[in-house]
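Comments concern the structure below.
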Amino acid sequence: MKSNKILWLFIVTLILASCSDDFLDKKKLGALTTDGFFVTENDAFQSVVAAYSDLKDYRYTWTIWCFGDDLSDDATYSGSDADVQGFALMESYNYPTDNGRILGRYQILFRGINKANQAIDGISGMDESLFKTQSKKRLLGEALFLRAYYYHELVCVFGDVPLMTKTPTISDKTMKRTPSAEVYAQIETDLETAASYLPAKSEIDMKTNAGRITRGAANAMLSRVYLFEKKYDDCKKASLEVYKDGYELEDDYAYVFSLAGEHCKESIFEIDFYNSSTQSAATTNNGNFHVLMMLPYGVTYGYGINQPTQSLANAFDEAGDVVRKEATLLTPADLQAWETPANFAKLERNRTGYYNQKYYLKPSERSTEIRNNPVNIRVIRLSEVYLNYAEACVKATTPDYTEARKYLNKVRTRAKLADSPATDNNLFEAIIKERRLELAMEGHRFFDMVRTGKAAETFKAKGVFRPGISELMPIPQAEIDNSGGVLTQNPL
């Protein structure tokens, strides 16, 4: 679909189906123009639901793992021979300007920004007296968070992108790219405002508010953003704000990624999915499409498309990390124990010996509608914030190695590992290694290596990573064409 049909339409599209216990699961209400909209409290609520909906679009969520994991040393793009061949250039850091995954990320994130802007503009103009059951500030906070989140997901992949903070007009089609520093400044402002508007997780009923953004999510996202910007003192402050909201690490690492562990006490932000037996199309279902994609090739209906590497397995072994290895890496031995003999016999194209267990469902848990599996995507967990904080303590204007070591060891203790023996001089390296093990196969590794300047050395076995070029992906050629050449290209 052309970008001018995505970024510049003035509609509120509600694509979520109904479910009694999930905020994001709402009946499809069709396409409504903004003329005459934003009249009732429900209009405001629905506009925010629409802004959430793009979090669930598989064309965006696909890029969380195929960029964050498969472009790193942690995983490889597997599946059919055609799948492997189709992504080979990407994995060698030669990014085609017509790659579908790149185009999907760009378009879906801007679509989400468009919806968030509509919600912000519309709700801001509504009288406070209209809000009886919903908080006007809370709805604005959610939309501001979403705009910031979508923009961060854009800028860390594309660098400079057009910055739109209002519902777009047709003239915005030819908007130039905005320097990433200005985009980041807007992201910070949006998240800071969102944090001041949103309730804490402890203040809401998660049975009826599952998936709704909280104050902790806004501060945790700030913690991540500041780390990308190398604003370490600010990262520390944002992380400390998260701790005030009472999150705790779960004792059992594997539990965090189970169906029972969704929205557990360490969960800060998840993209919610559920099994909708009446919806099966890839673009309209409410299930997690990537369970299908990551299920081993041939097993039931799996594609086996995202396989962890031996390098990642070795990293677990070198650290003596049994707990996280067993919860992250799915092996043929696991499959033989959990699948039926007939299913296991169909396993093929096992290129590395491992699969991503964080997306795996045992046969009794799978949906009969193959795209509708009910596994949430864990976007931000408390352990990430601990490691953000630890890194910031090391890199801050005045380093605090004691605090850094304390929070690094909190993560290690949960994994049944001894305290880190790292000295002050090599504590940063220890934290980066810990991030790899703790956040493995959750879409972080590529971006961690890029932001720390370690990508060229770390990924040399995959291809020639060219500093100054390979950190960013190209602006999709279709978007450049649609702008009449106003959008410029990244170095290729």
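Take the residues in the range 286-298 that are farther than 14 Å from Y354 by Cβ and of a type outside the set (F, W, Y), then tell me which one is surrounded by the fewest Cβ atoms within 10 Å (Cβ to Cβ). Out of the qualifying residues, it is G298.
Scanning the range 251-262 for residues that are in contact with a helix residue (DSSP H, G or I) (Cβ under 8 Å, 6 or more places away or on another chain) and surrounded by fewer than 18 Cβ atoms within 10 Å (Cβ to Cβ) gives D251, A254, L259. Residue count for the range 448-458 under the criterion of being touching a helix residue (DSSP H, G or I) at 6+ places or on another chain (Cβ under 7 Å) and either closer than 13 Å to D73 by Cβ or crowded, with 21+ Cβ neighbours inside 10 Å (or both): the result is 4.
Screening the candidates Y355, Y360, Y389 for the property of being under 27 Å from E241 (Cβ atoms) and among the aromatic types (F, W, Y) yields one hit, Y389.
Pairing residues of the range 264-276 that are over 15 Å from I204 (Cβ atoms) with residues that are open to solvent by less than 10 Å² (accessible area, probe 1.4 Å) and among the small types (G, A, S), at Cβ distances under 9 Å and at least 6 apart in sequence or on separate chains, gives E266/S383; I271/G211; F273/G287; Y274/G287; N275/G287; N275/S367; S276/G287; S276/S367.
For the range 390-399, filtered to residues that are farther than 24 Å from G320 by Cα and either among the aromatic types (F, W, Y) or touching a residue at least 24 places away in the same chain (Cβ under 8 Å) (or both), the residue that is surrounded by the fewest Cβ atoms within 10 Å (Cβ to Cβ) is T397. Note on the range 123-134: among residues that are touching a residue at least 40 places away in the same chain (Cβ under 8 Å) and surrounded by fewer than 21 Cβ atoms within 10 Å (Cβ to Cβ), the one that is nearest to the chain's Cα centre (by Cα) is Q134.
Take the residues of the range 138-169 that are of a type in the set (K, R) and surrounded by fewer than 23 Cβ atoms within 10 Å (Cβ to Cβ): which is farthest from A218 (Cα to Cα)?
K166
Taking the criterion of being open to solvent by 30 Å² or more (accessible area, probe 1.4 Å), in a loop (DSSP other than H, G, I, E, B) and not aliphatic (A, V, I, L, M), the residues of the range 327-347 that qualify are T331, T340, K346.
The criterion of at least 2 residues that are among the acidic types (D, E) is met by the following helices (runs of 4 or more DSSP H) wholly inside the range 27-128: 41-53, 81-91. Those residues that are part of a helix (DSSP H, G or I) and open to solvent by less than 40 Å² (accessible area, probe 1.4 Å), I need them from the range 181-202; list them, please. Matches in the range 181-202: V183, Y184, I187, E188, D190, L191, A194, A195, K201.
Scanning the range 364-388 for residues that are assigned to a helix (DSSP H, G or I) and open to solvent by 10 Å² or more (accessible area, probe 1.4 Å) yields a count of 3.
Residues that are under 23 Å from K454 (Cα atoms), part of a helix (DSSP H, G or I) and in contact with a helix residue (DSSP H, G or I) (Cβ under 8 Å, 6 or more places away or on another chain) within the range 413-439 comprise D424, L427, F428, A430, I431, I432, K433, E434, R435, R436, L437, E438, listed in sequence order.
Across the range 401-417, the qualifying residues are those that are within 17 Å of L240 (Cα to Cα) and touching a residue at least 60 places away in the same chain (Cβ under 8 Å), and the one among them that is surrounded by the fewest Cβ atoms within 10 Å (Cβ to Cβ) is K410.
Going by what's in this entry, would D245 be described as more than 18 Å from the chain's Cα centre (by Cα), open to solvent by 50 Å² or more (accessible area, probe 1.4 Å), at pLDDT 95 or above and not β-branched (V, I, T)? Show your work before the answer.
Working: more than 18 Å from the chain's Cα centre (by Cα): yes; open to solvent by 50 Å² or more (accessible area, probe 1.4 Å): no; at pLDDT 95 or above: yes; not β-branched (V, I, T): yes.
Considered against the rule, which asks whether it is more than 18 Å from the chain's Cα centre (by Cα), open to solvent by 50 Å² or more (accessible area, probe 1.4 Å), at pLDDT 95 or above and not β-branched (V, I, T), D245 comes out as no.
Is it the case that some residue within the range 101-113 is open to solvent by 30 Å² or more (accessible area, probe 1.4 Å), in contact (Cβ under 8 Å) with a residue 12 or more places away in the chain, within 27 Å of L71 (Cα to Cα) and hydrophobic (A, V, I, L, M, F, W, C)? Within the range 101-113 (the criterion being open to solvent by 30 Å² or more (accessible area, probe 1.4 Å), in contact (Cβ under 8 Å) with a residue 12 or more places away in the chain, within 27 Å of L71 (Cα to Cα) and hydrophobic (A, V, I, L, M, F, W, C)), the answer is yes, since at least one residue qualifies.
Specify the residue that is surrounded by the fewest Cβ atoms within 10 Å (Cβ to Cβ); the eligible residues are those in the range 348-363 that are of a type in the set (S, T, N, Q) and not in a loop (DSSP other than H, G, I, E, B).
Per the stated criteria, the residue is Q357.
Looking only at the range 64-99, count every residue that is among the small types (G, A, S), touching a residue at least 24 places away in the same chain (Cβ under 8 Å) and open to solvent by 10 Å² or more (accessible area, probe 1.4 Å) and tell me the total. The qualifying residues number 2. For the range 42-56, residues that are open to solvent by less than 10 Å² (accessible area, probe 1.4 Å) and not aliphatic (A, V, I, L, M) total 4. Every condition in (1) among the aliphatic types (A, V, I, L, M); (2) surrounded by fewer than 22 Cβ atoms within 10 Å (Cβ to Cβ); (3) over 28 Å from M293 (Cβ atoms) holds for L437 except the one numbered (3).
With respect to the conditions (1) closer than 29 Å to C264 by Cα; (2) within 19 Å of the chain's Cα centre (by Cα), V450 falls short on a single one, namely (1). Say whether the condition of being in contact with an Asp or Glu (Cβ under 8 Å, 6 or more places away or on another chain), among the small types (G, A, S) and either at pLDDT 95 or above or not in a helix (DSSP H, G or I) (or both) is met by at least one residue in the range 135-148. Looking for residues that are in contact with an Asp or Glu (Cβ under 8 Å, 6 or more places away or on another chain), among the small types (G, A, S) and either at pLDDT 95 or above or not in a helix (DSSP H, G or I) (or both), one finds at least one in the range 135-148, hence yes.
The values are calculated or read from the model by the stated rules, or taken from the named source; none is laboratory data. Note that the structure is predicted; figures quoted are calculated from it, not measured. FYI the Cβ positions are ideal-geometry reconstructions off the backbone, even for glycines, and counts take in every protein chain you see. Areas reflect the complete protein model, heavy atoms only, side chains present, ligands, DNA and RNA absent. Shrake-Rupley method; radii C 1.70, N 1.55, O 1.52, S 1.80 Å.
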